[in-house]
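A short worksheet on the structure shown next.
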Amino acid sequence: MLSAMRIATWNVNSVKQRVEPFVRWLKERQPDIVCLQETKCVDDAFPRGPIEDSGYNIAVHGQKTYNGVALISKFPLEEVKSGLPGDRSDDQARFIEAVVSVPNGALRVASIYLPNGNPAPGEKYDYKLTWMERLIAFARERLELEEPLILAGDFNAIPTPADVHDPELWKDDALYLPATRAKFRALIHLGLVDAVRATSDDPGLYTFWDYQAGAFQKNNGIRIDHLLLSPQAADRLTATAIDRPMRGGEKPSDHVPVWIDLDF
DNA sequence: ATGGCCAATATGATTGGA
């Protein structure tokens, strides 16, 4: 008997600022696994209590002030690894992966906070492109396992002109430059499926709206938070959603949660 | 009105975000 496994990603823009809306959202949506980004706190400061009290296990990879990722799961988190392979000198907390055993199988999940890369060109953009190359190498290796795999997070990449309200305004931005989109395509072409685009051709599907200039009210957004699925995960995909109303709620992050249901 | 924000830091300005 198959049941739905719900897997979500959310860039919270400081987890300590988002505890209340996050716990409310957990109770409402009942995700099985959540990938968080931009937690912006050291591991000891992560607000574990309210999340554990909601019935979740937690694995964190944080740092002071910037970045920070976490995995939240109703099922135990196994084989937890922090840090994207490929550069031992990279100390930015942008990657954590785990295996989650569920009643009818297992999934491998990674929470990804890909570098912003602005201003471009420059050192920060070089770091972004190198990080994307490392992510491609990681994904190639994991895809060889032929497992249900979900790479979820804030990719800081706008895949196509359909994923941005006003492409002209973004043409020189690190999130949309041709080299960024080329690397994102190279990642997809390994055999990953962009869950939202696999289930909808709708225009105007965004996951981020700037805090400034009434961007949300004008739907002046971009789609940069993605769930990328291996074939073994994609073949189980039954639903995809963007929790857009969260952007209009109390104390919103500038990103909203995106989630999928997989038959398991 | 073509500009408007938010979070962290020993903070009263700066940095990063996107």
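Read-outs throughout are calculated quantities, based only on the coordinates presented, and are distinct from any laboratory measurement. What you see is a predicted model; the values in this text were computed from it and never measured. Please note: Cβ atoms are built from the backbone with ideal geometry, for glycine as well, and neighbour counts cover all protein chains shown.
Structure data summary
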{"read-out": "Assigned charges on the beta-carbon of Lys, Arg, Asp, Glu; chain A dipole about Cα centre (debye)", "value": "280 debye"}
{"read-out": "For A:ALA45, net neighbour charge (Lys/Arg +1, Asp/Glu -1) across residues whose Cβ lies under 12 Å away", "value": "+2"}
{"read-out": "Likely footprinting exposure, A:GLU146, A:GLU250, fewest C-beta neighbours within 10 Å first", "value": "A:GLU250, A:GLU146"}
{"read-out": "Region A:4-263: antiparallel DSSP beta bridges as a percent of all, rounded to 5", "value": "80 percent"}
{"read-out": "Alpha carbon centroid spacing (whole Å) that separates region A:1-78 from region A:133-196", "value": "23 Å"}
{"read-out": "Summed residue charge, Cβ within 12 Å of A:PHE208's Cβ, Lys/Arg positive, Asp/Glu negative", "value": "-3"}
{"read-out": "For region A:4-263, with +1 on Lys and Arg beta carbons and -1 on Asp and Glu, the positive-most of A:VAL109, A:GLY55, A:MET246 along the dipole", "value": "A:MET246"}
{"read-out": "Semi-axis lengths (Å, descending) of the ellipsoid that matches the C-alpha gyration tensor of chain A", "value": "25, 21, 20"}
{"read-out": "Protection proxy ranking, peptides A:73-79, A:149-155, average beta carbon neighbours within 10 Å, highest first", "value": "A:149-155, A:73-79"}
